[in-house]
């Protein structure tokens, strides 16, 4: 099973699917029958498989075997036991990979910085290690309410966007999504960070531990003088 089988890019996506019950809670996501059955047996196993697929790492065979093993369970208790058996190399590969993806999803929900474009669409940019745009959508759908927004994956040239009518769509990056100028709030944010910065306590090694280099170029406070030194 390949990632391309599960995610499609374009207007044919059903943007409401990620708020429906059961499988298919991610924009542009098409859950095949074996994954829908997996969700019924174990939601944890389902999301582990989906997140592992989002990793884009070469473990598709391990993921397929994981889905098959859990899918053969006759009840939820057995499915949960199989899906958590780290002594099984397929389970271990899927769980460890899913954790990496989940960790990056969690990071970007806090690290993304949005700025409005001339049309009032709040835009954020990133270059994540994994293909996580669809997994970011539910968080920001709730956070922004009715405000339209777009998250651009510059590495993959894709955009997940929320339109004024509530539609959420995964699509190729479009020219109108270009917005790198920032706004007055970014200037105020930089001023705040500059005012609280303590050069004497700067610890670059600790900063890199908490804030990897690949995220910094998208943070307005990291411009010019670098990250906050405390």
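So the values come out like this:
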read-out	value
For residue 119: the one exception among (1) assigned to a loop (DSSP other than H, G, I, E, B); (2) at pLDDT below 90; (3) closer than 24 Å to residue 83 by Cβ	(3)
Restricting region 87-107 to residues that are farther than 21 Å from residue 58 by Cβ and part of a helix (DSSP H, G or I), the residue that is modelled with the lowest pLDDT	107
Pair list, Cβ < 8 Å and 6+ apart or interchain, from region 34-59 residues that are more than 17 Å from residue 72 (Cβ to Cβ) to residues that are outside any helix (DSSP H, G or I) and modelled with pLDDT under 90	50/26; 50/29; 53/1
Residue selected from region 98-128 under the condition within 10 Å of the chain's Cα centre (by Cα) and surrounded by fewer than 16 Cβ atoms within 10 Å (Cβ to Cβ), by the criterion nearest to residue 49 (Cα to Cα)	103
Residue match in region 71-86 (condition: assigned to a helix (DSSP H, G or I), touching a residue at least 60 places away in the same chain (Cβ under 8 Å) and assigned by TED's automatic domain parsing to the domain that holds residue 104)	no
Residue match in region 61-71 (condition: at pLDDT 90 or above, buried (at least 19 other Cβ atoms within 10 Å of the Cβ) and under 23 Å from residue 172 (Cα atoms))	no
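The values are calculated or read from the model by the stated rules, or taken from the named source; none is laboratory data. Source: prediction; values computed, not measured. Note that each Cβ is placed from the backbone with ideal geometry, even for glycine, and that neighbours are counted across all protein chains shown.
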